[in-house]
Amino acid sequence: MRRRFQAFQQAPWRVQIRLTSGSMLPLIALLIVGGMYLAVNSRHARAGRQVLNLQMQEAELLRSNAEMGATLAELTSPEQMYQRALGLGFRPAYPAEIEYILVKDYTPPLPFIAPRPPASTNTGEGMLSPAYTETLGEWLLRWLGW
């Protein structure tokens with residue numbers, strides 16, 4: 001096929017628009033992709049910062065909880081409780097002052113018996129076949145006829 005030639009020349013402004021649009025389109029696409037990349041990375045950075053803040057809060061709460069546990073242990077120690085009871089006017093009871101109450105039809109709880117582990121179905125017998133329970137010395141004595 002023969003190629004047809006254009007009979008007239010394109011206007012210079014049309015050629016410039018065509019060249020400009022052809023070079024600007026990849027540049028605009030690159031700017032859009034870069035903007036999306038920055039938006040995603042800023043979201044990730046914000047989420048990472050929030051995670052760090054939450055971890056710091058967790059560490060602070062754990063430290064505070066440990067301090068409160070130590071304070072409670074100190075306040076409820078036997079020595080402290082005894083001193084506070086004496087300060088409130090209590091004193092140790094003498095054996096004659098102790099009164100026991102009997103409750104009718106009270107049955108004490110049964111003693112704790114630990115259950116057998118589920119995997120222990122051992123009946124007390126060895127796990128080996130009786131054919132393999134003979135020692136080397138017994139086999140030698142039997143082989144020599146003693």
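Yes or no, residue by residue, for (1) among the basic types (Lys, Arg); (2) under 38 Å from the mean Cα position of the chain (by Cα); (3) at pLDDT below 95:
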residue: Asn53; (1), (2), (3): no, yes, no
residue: Gln57; (1), (2), (3): no, yes, no
residue: Leu61; (1), (2), (3): no, yes, no
residue: Asn65; (1), (2), (3): no, yes, no
residue: Ala70; (1), (2), (3): no, yes, no
residue: Ala85; (1), (2), (3): no, no, no
residue: Gly89; (1), (2), (3): no, no, no
residue: Lys104; (1), (2), (3): yes, no, yes
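Please determine whether any residue of the stretch 2-12 is modelled with pLDDT under 95, assigned to a helix (DSSP H, G or I) and surrounded by fewer than 10 Cβ atoms within 10 Å (Cβ to Cβ).
Filtering the stretch 2-12 down to residues modelled with pLDDT under 95 leaves 2-12.
If we keep only those that are assigned to a helix (DSSP H, G or I) as well, we get 12.
Now drop any that are not surrounded by fewer than 10 Cβ atoms within 10 Å (Cβ to Cβ), which leaves 12.
Within the stretch 2-12 (the criterion being modelled with pLDDT under 95, assigned to a helix (DSSP H, G or I) and surrounded by fewer than 10 Cβ atoms within 10 Å (Cβ to Cβ)), the answer is yes, since at least one residue qualifies.
Considering only the stretch 76-107, state which residues are of a type in the set (Lys, Arg) and surrounded by fewer than 10 Cβ atoms within 10 Å (Cβ to Cβ).
Going residue by residue through the stretch 76-107, those that are of a type in the set (Lys, Arg) are 84, 91, 104.
Arg91, Lys104, listed by residue number.
Taking the condition at pLDDT below 90, part of a loop (DSSP other than H, G, I, E, B) and exposed (fewer than 10 other Cβ atoms within 10 Å of the Cβ), does Leu110 pass? Working first, answer last.
On the way: at pLDDT below 90: no; part of a loop (DSSP other than H, G, I, E, B): yes; exposed (fewer than 10 other Cβ atoms within 10 Å of the Cβ): yes.
No: the conditions fail for Leu110.
The values are calculated or read from the model by the stated rules, or taken from the named source; none is laboratory data. What you are looking at is a predicted structure, and each value in this text was computed from that prediction instead of being measured. FYI the Cβ positions are ideal-geometry reconstructions off the backbone, even for glycines, and counts take in every protein chain you see.
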